[in-house]
Amino acid sequence: MRSSLERFAKRLEPIGCFKVSSTGRTKATRPDEVTALILDRQDRKERRVSSAIARVEMRDDPSQHARETIPDDVKLLVWQRDGGKCVQCGSQANLEYDHVIPVAKGGSNTARNIQLLCESCNRTKGANFV
Ligand SMILES: [Zn+2]
C-alpha cells in the first residue's frame, strides 16, 4: 500500500505535484489533496486541449465553425419565435436556420440574427444576397 503510493508519488514528482524526500517518504500531502491536485491538473489540461482545438477550427474555417455552433437554446428560441415555419412563405418543410447577416460577413449566432427559412427560400435568398 505504502510502496505503491510511493511509486505513484515518484511518477508525479516531475510534474510538480509533490516531492519524494531522500528517505523515500512522501512529503506531501494527504491522498485527497494529491487527488485534488491531479484532477485540477487534468482539468486544466483538458481545458487547454479543447480551447486549442476550438482555436484551430476557428482558424481553419471561421464561418464553417460558427455555422455549426448555433447554440441549442438559440435554435429553440428562434423556432418558437418563428412558429416552426418559414418566415417568408410559411412552409413547414425542409426548414433551415438562416443567418440574416451571414457569418462570413460578421453576423452572429444570436436569435436576432437567425431566422427560420425553408430550403427553397434560403436558396433564393442566398442567390440574391449582395
Ligand atoms: Zn419558404
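Throughout, read-outs are computed from the coordinates displayed, never taken from laboratory work. Small disclaimer: the values here were computed from a predicted structure and weren't measured. Heads up, the Cβs are rebuilt from the backbone with ideal geometry, glycines too, and the neighbour counts pull from every protein chain shown.
If R0 is taken as 35 Å, the Cβ-Cβ distance between Ala54 and Lys10 corresponds to a FRET efficiency of 0.50. Summarising the amide proton neighbourhood of Ile114: residues at separation of 5 or more, or on other chains, whose placed amide H is nearer than 5 Å comprise Val100. Specify whether the C-alpha gyration tensor of the range 72-125 places it in the rounded, prolate or oblate class, a ≥ b ≥ c being the square roots of the eigenvalues: rounded for a/c under 1.5, otherwise prolate if a/b is larger than b/c and oblate if not. Because a/c hits 1.5 or more and a/b fails to exceed b/c, the range 72-125 counts as oblate. Residues Val100, Val34, ranked from the fewest to the most other C-beta atoms within 10 Å, line up as Val100, Val34. Ranked by the mean number of other Cβ atoms within 10 Å of their residues, highest first, the peptides 119-125, 69-75 fall in the order 119-125, 69-75.
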